[in-house]
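Here is the structure we will look at, set down as structure tokens.
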Amino acid sequence: MKVHNVALVGAGRMGGLHARNLAASPRFRLAAIADHSGELAGSLADELDSTASTYDEILSNEDIEAVVVASSTSSHLENVLLAVGAGKSVFCEKPLSLDADALAEALPRLEQTSRPVFIAFNRRFDPHLKALKAQFSAGSIGNLETLHIINHDPASPRLDFIPRSGGLFKDFTIHDFDTARWLVGEEFVELYAAGACLIDPNIGELGDIDTAKLILRSASGVLCLISNSRRTGYGYDQRVELFGSKGALRVGNVAGSTVSIFDEGGGHGAAFPYSFAERYAEAYSAELDHFADVLDGRAVPSTGPRDTLRALHLADAAERSFRIGAPVMLQGD
């Protein structure tokens, strides 16, 4: 088994998650970690027996085969382009950019490079959703008619995250846009988004919303409903339902145990995950395995720059629909 020499740029929350998975995988060697905060990079490098470095040093190091980009979202595209220019393969945390025009302009460089560029939309690697997709593709529920996606966070993020997040539709709903495209298997042609700030007025003061309901119509007429909320108070609520001409498929919240207790207070079961890192732990590991397969030449990236562009177009359309209070017709890229 070949071990791939990789480096990480971005040592924050997502960088730490990917770094620990890289360090735990026998298919990778985490050679270096870079971050604009040298202290953050150094602390993570010490924990994982790696080396703190600068991004320039990483790019010029010929022994480093690939770069995992988990820096702030606003810097993803720049860091990926620098890596591609240095001849590195790239694993980039979603989304590749917050600006659809900038990404469209960069698309030729990203798609014509000889090195693979993989954009990690982790929902596609969740074993439960993959099983649902496989059942649907096998025809178990006939022709798809409607799709329901519930994506609710347990609690609102720190307020200092909101101005740099790109907004609810680009930071949050973008996962659901990609999931919907993947499950339906075709593009959407119409979108309506309603949103509000119902949870924390401070989020509204920062120019964002914390609650949204969206309806999308696909080219063949499939209807998709997406529900988003920044707060549940009871856990990370992740549910997907497909309704077809012959039946339905559903992925519910994944509890930590199937054991239930029944007493005078009623029935009690195990809680489901409170964080995305816990709920999608298997997916994050699986997407790194996929990247290793790509580096081995056994696979091509399952999602790339164009998938981010299509998801961004949906996010921009959602923002327009929300602002004007009317449906928006969508055009292809």
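Residues in the range 263-309 that are within 23 Å of GLY252 (Cβ to Cβ) and among the charged types (D, E, K, R): how many?
The number of residues fulfilling the criteria is 4.
Take the residues in the range 135-153 that are among the aliphatic types (A, V, I, L, M) and within 20 Å of the chain's Cα centre (by Cα); name whichever of them is nearest to THR179 (Cα to Cα).
ILE149
For ALA83, state whether it is crowded, with 22+ Cβ neighbours inside 10 Å and among the hydrophobic types (A, V, I, L, M, F, W, C).
The answer is yes for ALA83.
Output yes when any residue across the range 62-77 is open to solvent by 10 Å² or more (accessible area, probe 1.4 Å) and more than 22 Å from THR303 (Cβ to Cβ), and no when none is.
yes
Would you tally the residues in the range 233-249 being modelled with pLDDT under 95 and open to solvent by 30 Å² or more (accessible area, probe 1.4 Å)?
2
Could you grab the pairs with beta carbons closer than 6 Å, sequence gap of 6+ or different chains, first residue in the range 257-285 and under 16 Å from HIS175 (Cα atoms) and in a helix (DSSP H, G or I), second one open to solvent by less than 40 Å² (accessible area, probe 1.4 Å) and charged (D, E, K, R)?
Close Cβ pairs (under 6 Å, with a partner that is open to solvent by less than 40 Å² (accessible area, probe 1.4 Å) and charged (D, E, K, R)) amount to ALA283/ASP126.
Tell me, yes or no, whether the range 159-171 has at least one residue that is over 25 Å from TYR280 (Cα atoms) and more than 22 Å from the chain's Cα centre (by Cα).
Checking the range 159-171: not a single residue is over 25 Å from TYR280 (Cα atoms) and more than 22 Å from the chain's Cα centre (by Cα).
For the range 85-186, which helices (runs of 4 or more DSSP H) that fit wholly inside it have 2 or more residues that are of a type in the set (Lys, Arg) and more than 30 Å from SER60 (Cβ to Cβ)?
Because the criterion is at least 2 residues that are of a type in the set (Lys, Arg) and more than 30 Å from SER60 (Cβ to Cβ), the helices (runs of 4 or more DSSP H) in the range 85-186 that meet it are 127-137.
Scan the range 1-51 residue by residue and report those that are β-branched (Val, Ile, Thr), open to solvent by less than 50 Å² (accessible area, probe 1.4 Å) and closer than 15 Å to ASP289 by Cβ.
Correct list: VAL6 only.
So, in the range 25-43, how many residues would count as being closer than 25 Å to MET1 by Cβ and without any contact (Cβ under 8 Å) to a residue 60 or more places away in the chain?
Residues meeting the conditions: 6.
Scanning for something farther than 14 Å from ASN151 by Cα and not in a strand (DSSP E or B), does the range 223-235 turn up at least one residue?
Within the range 223-235 (the criterion being farther than 14 Å from ASN151 by Cα and not in a strand (DSSP E or B)), the answer is no, since none of the residues qualifies.
Just checking, does the range 204-220 include any residue being assigned to a helix (DSSP H, G or I) and either in contact (Cβ under 8 Å) with a residue 60 or more places away in the chain or more than 24 Å from ASP307 (Cα to Cα) (or both)?
yes
Quick check on the range 86-99: of everything there that is open to solvent by 10 Å² or more (accessible area, probe 1.4 Å) and of a type in the set (A, V, I, L, M), which residue is farthest from the chain's Cα centre (by Cα)?
It comes out as ALA86.
Going through the range 10-40 one residue at a time, which ones are more than 19 Å from SER72 (Cα to Cα) and in contact with a His (Cβ under 9 Å, 6 or more places away or on another chain)?
Listed by number, the residues that qualify are ARG27, PHE28, ARG29.
Take the range 286-306 and flag every residue that is of a type in the set (D, E, K, R) and either assigned to a loop (DSSP other than H, G, I, E, B) or within 24 Å of PRO157 (Cβ to Cβ) (or both).
Selection gives GLU287, ARG298.
The values are calculated or read from the model by the stated rules, or taken from the named source; none is laboratory data. All figures in this text were calculated on a predicted structure; none of them were measured in a lab. Cβ atoms come from the backbone with ideal geometry, glycine included; neighbour counts cover every protein chain shown. The protein model used for the area step is the full one, side chains on, heavy atoms only, and it has no ligands, DNA or RNA in it. Shrake-Rupley method; radii C 1.70, N 1.55, O 1.52, S 1.80 Å.
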